[in-house]
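Okay, so here's the structure we're looking at.
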Amino acid sequence: MRPFSAHAARPTPAERVRSILTAAHSMTVVTDGVHQEVHLLDGTGPMGHLHLHDPSEDCPAGRAARIPVRLELTDIAPTPVRRRIRARVTLTGLLSAPYTSEATTSTCVEFGQALLEDDEGRTYVTLDEIRATDPDPMATAEATMLTHLVDRHAQLVPLLLRLVRPRPERELVRALPLALDRYGVTLRLEHRAGHDRDARLPFPTPLTDMDQAGPRIHALLTAARRASHTDHLLA
């Protein structure tokens, strides 16, 4: 099994943006300087309400009265870690008509640019990259699975620490799962004085379906128990 570290495989910026657009329950729509908080309660996410299209493509609503718009989405960790904001996505473009969250059909947005901001920095993602990327299979199930792990099986998180390399420092105060995606699990290691470190525990191969997550996590736990046994023998 491959080494566990902070540099293991992780979603690309396009995958992050596409997954956030798929799983978000709310967003802020800014037009003419007015901020409108939109809560998407039907489970479809923003992509069920918005149709992003290239400036060269026609929109069914036509091109009349195009209005500059900014869509802001925040990706928040479902577990009570310090610094819960994992990423921010900002989409800019032109609306073909005034936005209304009550619309029964998708609102056309002429795509301008998409900006992802996270701990890695600022990355611009093109419309072609978004269209060519599928959302992470875990995008809509991640929050439920991670909160279940923390609420019902918290004793398993310290076991997973056995897989972290380099080993956690003695000043470690708490460890919590921060993220779950097709590539693996990310733990947030919280230390004294507010210092945090994130560690990736990769799956052997990326998931293609959310039903594969349970067996893969059990495989990580098995590897952690094996590592614990090895450490005991070497002690």
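The values are calculated or read from the model by the stated rules, or taken from the named source; none is laboratory data. The structure displayed is predicted, hence computed values, not measured ones. We place every Cβ from the backbone using ideal geometry, glycine too, and count neighbours over all the protein chains shown. Quick note on the areas: whole protein, heavy atoms, side chains included, nothing else; ligands and nucleic acids left out. Shrake-Rupley method; radii C 1.70, N 1.55, O 1.52, S 1.80 Å.
Inside the range 98-133, can you point out the residues that are open to solvent by 50 Å² or more (accessible area, probe 1.4 Å), in a loop (DSSP other than H, G, I, E, B) and modelled with pLDDT of 95 or more?
Matches in the range 98-133: 126, 132.
All but one of (1) touching a Gly at 6+ places or on another chain (Cβ under 8 Å); (2) open to solvent by less than 30 Å² (accessible area, probe 1.4 Å) hold for residue 95; state the number of the condition that does not hold.
(1)
Restricting to the range 136-161, name every residue that is open to solvent by 80 Å² or more (accessible area, probe 1.4 Å) and among the polar types (S, T, N, Q). Walk me through it before giving the result.
Pass one, the range 136-161, residues open to solvent by 80 Å² or more (accessible area, probe 1.4 Å): 140, 144, 148, 151-152, 155.
Of everything in the range 136-161, those that are open to solvent by 80 Å² or more (accessible area, probe 1.4 Å) and among the polar types (S, T, N, Q) turn out to be 140, 144, 155.
Give me the pairs, please: first residue somewhere in the range 135-149 and more than 23 Å from residue 13 (Cβ to Cβ), second residue anywhere and among the hydroxyl-bearing types (Ser, Thr, Tyr), beta-carbon distance under 7 Å, and either six or more positions apart or on two chains.
From the range 135-149, the pairs are 147/79.
Considering every residue within the range 29-38, establish whether at least one is of a type in the set (D, E, K, R) and modelled with pLDDT of 90 or more. Let's see the steps before the verdict.
Of the residues in the range 29-38, the ones of a type in the set (D, E, K, R) are 32, 37.
Okay, now just the ones that are also modelled with pLDDT of 90 or more, so 37.
So far as the range 29-38 goes, yes, one or more of its residues are of a type in the set (D, E, K, R) and modelled with pLDDT of 90 or more.
Select, from 66, 70, the only residue that is out of contact with any helix residue (DSSP H, G or I) (no Cβ under 7 Å at 6 or more places or on another chain), open to solvent by 60 Å² or more (accessible area, probe 1.4 Å) and modelled with pLDDT of 90 or more.
Details: 66 fails: modelled with pLDDT of 90 or more.
Every option except 70 fails the conditions.
Can you find a residue that is among the small types (Gly, Ala, Ser) and in contact with a Phe, Trp or Tyr (Cβ under 8 Å, 6 or more places away or on another chain) anywhere in the range 168-187?
Yes, the range 168-187 contains at least one residue that is among the small types (Gly, Ala, Ser) and in contact with a Phe, Trp or Tyr (Cβ under 8 Å, 6 or more places away or on another chain).
Of the residues 172, 163, only one is without any contact (Cβ under 8 Å) to a residue 24 or more places away in the chain and either of a type in the set (A, V, I, L, M) or touching a Leu at 6+ places or on another chain (Cβ under 7 Å) (or both); which?
Working: 163 fails: without any contact (Cβ under 8 Å) to a residue 24 or more places away in the chain.
Checking each option against the conditions leaves just 172.
Report yes if some residue within the range 56-73 is among the aliphatic types (A, V, I, L, M) and under 30 Å from residue 186 (Cβ atoms); otherwise report no.
Looking only at the range 56-73, we keep the residues that are among the aliphatic types (A, V, I, L, M), and these are 61, 64-65, 67, 69, 71, 73.
With the extra rule that they be under 30 Å from residue 186 (Cβ atoms), the set shrinks to 71, 73.
Within the range 56-73, one or more residues are among the aliphatic types (A, V, I, L, M) and under 30 Å from residue 186 (Cβ atoms).
Residues in the range 39-59 that are at pLDDT 90 or above and part of a strand (DSSP E or B): how many?
Count: 2.
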